[in-house]
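Beneath this line is the structure, given in structure tokens, with notes to follow.
Throughout, read-outs are computed from the coordinates displayed, never taken from laboratory work. Everything numeric here is computed off the predicted structure, so don't read it as measured data. We place every Cβ from the backbone using ideal geometry, glycine too, and count neighbours over all the protein chains shown.
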Amino acid sequence: MANAAQGYKGSEDYIASKPLMEIVNVSVALAKPLVIKGEPGTGKTLLAHSISRALNKKLYIWNVKSSTKAKDGLYVYDTVQRLNDARFKDKDITDIRHYIKMGKLGQAFKSDVQVVLLIDEIDKADVEFPNDLLNELDEMTFHVPELDEEVVAKHRPIVIITSNSEKELPDAFLRRCIFHYIEFPDEEMMERIVKVHYPDIEAKLMKEAIKRFYWIREVDGLRKKPSTSELIDWIKALTLGGISADKISAEIPFLGTILKNELDTDRFVKMSQGHGSFGFKRRF
Amino acid sequence: MFTNFYYILRNKGVPVSVTEWVAFIEALYEGHFQSSLNNLYYVGRAFLVKSEAYYDQFDLAFQEYFGGIKTEDVDLTKVLDWLDNPLNKLPRLSREEIAEMQEKMEEFRKQHDMEELMRQFRERLKEQTERHDGGAKWIGTGGKSPFGAYGTHPGGIRVGGESWSQSAAKVAEERRFKNYRNDIILDVRQTKLALKKLRELKREGAQEELDIDETIDKTAKEGGEIELVFNRSRENTVRIILLMDTGGSMLPYTELCERLFSAASQMEHFKEFKYYFFHNCIYQDIYEDIGNYKSMPTEKFLSNFDKRYKLVFVGDARMAYSELFDVNGCIDYFSTNDKPSIEWLIKMKEHFPHSVWLNPTHRNFWGHYTVDTISKIFPMFELTIDGLKDAIKALTSRPKRMAQN
């Protein structure tokens, strides 16, 4: 068991729930990849940054895109460059090593100290992508056929994988991981999160803004529910605009920072007008 | 240990594999759960459940197996003080010991009811003035008293331990993840997720992907003069047609169908997405708008779209017998039809080998005669996430021949 004193306990700028901390610690102790899912804006990516800071380990980020192949993370053999160099004969092309570049996973394996590896938004890539990484993440080794060499992780990196559930991850892949779904923070937790971002914020304004924010989230049938980052932006707009707490309870200023979809805005306005007793007015 | 829990999980429909269970048990023996129910709940869940869709089933199973172990919500700062930094932590127990504990716990539960225990607890709270470690009476750590933390008394009242925002049993009881279940809700995001599976990759379109092998081959043949060879990139070639029932009996499912529709229309990875409407059943005309004003001859529909298209019906398939089998059976007063609807359906099935029927009503209500008949022509699935997944499987697999009656 990772010594509780050394274990992950969140960092100054990141509030982790107790269950999440425990799960991170277990996954670090057992060297199992941790798959994090959750609504957008619940701090999935930031978790890896926070772990890297809290445990004082270097962070490697592998941003996955729709075109990313599993092999890109291991290494890339730049054939075209070599072909090109061969043509001009001004460089030494006999050593294939010059043209083999390690990807993020490869770099993390080759590192002399334990590092944190973030595989961000794994669901963006092709459905087969996670399956192609099964063995690499399980054994923490891969083979480079061009060199006929085995790259073995010197220290098993702490692997954090985030998914926005655009695609489902294959079962075989998930079986080898630890999974956690970050719930949307409750109001109390949200207060702590906001305080991290704006330590000097007026308590009354914050309370009122958070209350309104959750109220908007409750509106039925929103296409895109506002997330933490929208709240943070909104509070920033409120403080910059010098809006007082009383005003927030009477109307919703800067609605555009919370609801980004026209249909949602319409729906919300219609709803708040429908419930006349709330007396909401849109500001712009 | 806890093997029954495994079976309860499986019974509730959580797909826990043996690998995952073994990993969980290993972690348990290595002490990663710190003998705390909260740890067991959260960290155990991280090991055993790999999708938030099953969190609810996990909650149910957890409640069934660990239910009755509860923490009370009383102001216990004083008590927590006594329980702080226990002198003797819970000893590591062997299998037999734990089995014994479980037995004792059952016994204990039979003998004491919770009310009585709480009363005793409050009384003892009044009497007790200092901390206790070990022992069998006072509220303290270790020890065998039914009150306190880190102790070995089976059952009883556990006080605090860690400052979790909510206790596991309570979270499990609340069933906060009910809405994530696969077999209940079909929201736009989840639907899109399911629809993503619907794809056929083929090389089509512009040649813009560098084909390295070919390039090297060609370059070698040209004697080192670089010759780049491009290939068509692989694209999704799925073409979908949605045919939706706008009949009155579909009214309760409007929102559900709306979600499916908006998910499908938001999908950017379909090659083509078309939608049409029909009223109760298919006759010589289908409609391009939801109000059934703009009609389109079904024959034209069939000649416009070839068998590469995948056809998805959405409807309850429930109608009067005559609407399906009779000439002039159409429910609209002003419409006549010289071909019974069933013939049109069979024609469609023959035309579109990849076709399914999504039914928003529950499977239990499919006993109706017309539903039964239609489900023999088109593979029929419930309009839930699970049903949708099966339907997509059916759409992407090789077409099956019509079920013989």
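Summary of values
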item	result
³J(HN,Hα) computed for each position of region A:20-31 - Karplus, 6.51 cos²θ - 1.76 cosθ + 1.60, integer Hz, glycine/proline x	4, 4, 4, 5, 4, 4, 5, 5, 5, 5, 8, 6
Mean shadow area of region B:220-281, taken as a quarter of the surface of its Cα convex hull (nm²)	6.5
Additional length obtainable on full extension of the chain from A:ASP85 to A:LYS101, 0.36 nm per residue less Cα span	4.2 nm
Set A:LYS69/B:LYS50; A:LYS65/A:LYS154; A:LYS124/B:LYS389; A:LYS167/B:LYS307; A:LYS37/B:LYS50; A:LYS104/B:LYS196 screened for pairs whose C-alpha atoms are more than 18 Å apart	A:LYS69/B:LYS50; A:LYS65/A:LYS154; A:LYS124/B:LYS389; A:LYS167/B:LYS307; A:LYS104/B:LYS196
Mean projection area, nm², convex hull over Cα of region B:218-326	10.5
At 0.692 mPa s and 37 °C, Stokes diffusion of region A:1-82 via Kirkwood alpha-carbon radius, µm² per second	221
Too-long pairs where the Cα-Cα distance tops 23 Å, listed order kept, from A:LYS211/A:LYS260; A:LYS224/B:LYS192; A:LYS44/A:LYS101; A:LYS9/A:LYS204	A:LYS44/A:LYS101; A:LYS9/A:LYS204
Trypsin sites (Lys or Arg not before Pro) restricted to region B:235-331 and DSSP loop, no more than 14 other C-beta within 10 Å	B:LYS294, B:LYS307, B:ARG308
Bridge type composition, region A:79-229 - antiparallel percent by DSSP, nearest 5	50
Residues in region B:220-245 that a label on B:ASP306 would reach, taking backbone N under 16 Å of a point 7 Å out along Cα→Cβ	B:237-240
Rounded to whole Å, sorted largest first: equivalent-ellipsoid semi-axes of region B:237-396, Cα gyration tensor	22, 18, 15
For chain A, the longest site-free run once GluC sites (Glu not before Pro) in DSSP loop states with at most 15 other Cβ atoms within 10 Å are removed	A:13-127
Estimated FRET transfer efficiency (B:ILE346, B:THR396; beta-carbon r; R0 30 Å; 0.05)	0.85
Cut-off 10 Å between beta-carbons: net charge of the residues surrounding A:GLY73, Lys and Arg +1, Asp and Glu -1	0
Mean projection area, nm², convex hull over Cα of region A:187-278	5.6
Shielding score for A:169-182, defined as the mean number of other chain Cβ atoms within 10 Å	5
Span from the region A:115-191 Cα centroid across to the region B:205-258 one, whole angstrom	26
Charge dipole (debye, nearest 20) of chain A; +1 at Cβ of Lys and Arg, -1 at Cβ of Asp and Glu	660
Nearest-0.05 FRET efficiency for B:PHE325 and B:LYS294, computed from C-beta distance (R0 35 Å)	0.80
Separation of the A:GLU251 and A:ASP112 label points, Cα + 7 Å toward Cβ, nm	6.3
Binned Cα-Cα distances of region B:1-69, short to long, each 10 Å bin given as a whole percent	21, 62, 17
Packing-based exposure ordering (other Cβ within 10 Å, fewest first) of B:LEU198, B:LEU28	B:LEU28, B:LEU198
Ordering of B:210-223, A:70-83 by packing [mean C-beta count within 10 Å, highest first]	A:70-83, B:210-223
Rg/Rh for region A:113-189, where both radii come from Cα atoms and Rh is the Kirkwood radius	1.05
Descending semi-axes in whole angstrom, ellipsoid equivalent of region A:1-158, from the Cα gyration tensor	34, 17, 14
Simple label model, 7 Å out from Cα along Cβ direction - B:ILE212 to A:VAL269, nm	5.4
Cut-off 12 Å between beta-carbons: net charge of the residues surrounding A:CYS177, Lys and Arg +1, Asp and Glu -1	+2
Compactness of chain A, expressed as Rg and Dmax over alpha-carbon positions, Å	23.7, 80
